[in-house]
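For reference, the structure discussed in these notes is given below.
Values quoted throughout were computed directly from the atomic coordinates according to the rules given, and no laboratory measurement underlies them. This one's a predicted model, so the numbers in the text were calculated from it and none came from an experiment. Methodologically, a virtual Cβ is constructed for each residue, glycine included, from the backbone with ideal geometry; neighbour enumeration extends over all protein chains shown.
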Amino acid sequence: MKKDCKLCALINEDHFNPTRIAKLDTGIAFVNFDQTYLGRSMLIINPHYDSLLDIPPILTQKFMEDVKTLAKAINKVFQPPTINYLMLGNTVLHAHCHIIPRYPDAPRWRLSPLLPSSAEYTMQTNDFYSDIAKKISLALRV
Ligand SMILES: [Zn+2]
């Protein structure tokens, strides 16, 4: 755990978090607060690595398999026509991958999913996050 890292703090929380989906082999999956794209989630690698370049090769392979496992579960629950994968590392230096289901009736179809400002995020209630997390978690077990 890296001191002052927001994602290390998140994956090591010991209280209930409605956005937490499940622990996978290489990291912890969470529903994203922004639900502009229903089912948007992320896999945060555990332990801490600053970026993809810092992850040892064997773990990189396992991490990407876990990304696929999470994406398959999201696909099963929400059935989006396509899924985007983002690893940016601009604001938080802890390797994680965003899994973003895309829908024709959601903003920026066929374009980058990045919204111009966080003011455009679609935030939801804790019950909503918890419900999505539960559905994805169940789909992970099948
Ligand atoms: Zn960290």
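In the chain, if the dipole is taken from +1 on Lys/Arg beta carbons and -1 on Asp/Glu beta carbons about the Cα centre, which of Asn126, Tyr103, Ser51 is farthest to the positive end? The listed residue farthest towards the positive side: Tyr103.
Principal semi-axes of the equivalent ellipsoid, √(5λ) from the alpha carbon gyration tensor of the chain, are 22, 17, 16 Å from largest down. Cβ screening of the chain for cysteine pairs under 4.7 Å finds these without a partner: Cys97.
For the pair the range 113-142 and the range 1-70, the centres of their Cα atoms are 14 angstrom apart. Local charge for Phe63 was computed over the other residues whose Cβ lies under 12 Å away, with Lys and Arg +1 and Asp and Glu -1, and equals -2.
Between beta-carbons, use under 13 Å as the cut-off and find the net charge around Arg102, counting Lys and Arg +1, Asp and Glu -1. Before the final figure, lay out each step's value.
Numbers: positive: Arg40, Arg108, Arg110; negative: Asp105.
Overall, the nearby charge balance is +2.
Between Ser112, Ser41, Ser51, the Gaussian network model of the chain with springs among Cα atoms under 10 angstrom shows the greatest mean-square fluctuation at Ser112. Listed peptides 63-73, 14-24, 113-123 appear in the order 63-73, 14-24, 113-123 once ranked by packing, highest mean of other Cβ atoms within 10 Å at the front.
Here the dipole of the chain is about 380 debye; that uses its Cα centre as origin and unit charges on the Cβ of Lys and Arg (positive) and Asp and Glu (negative).
Using only DSSP helix segments of four residues or longer, with each worth -39500 (n - 2.57), what per-residue ellipticity at 222 nm results for the chain after dividing by its residue count and rounding to 500?
Working: 3 runs with 44 residues, N = 142.
Using -39500 (n - 2.57) per qualifying helix, the result is -10000 deg cm²/dmol.
A crude spin-label estimate for the pair Asp50 and Asn12, with each label 7 Å from Cα along the Cβ direction, gives 1.9 nm.
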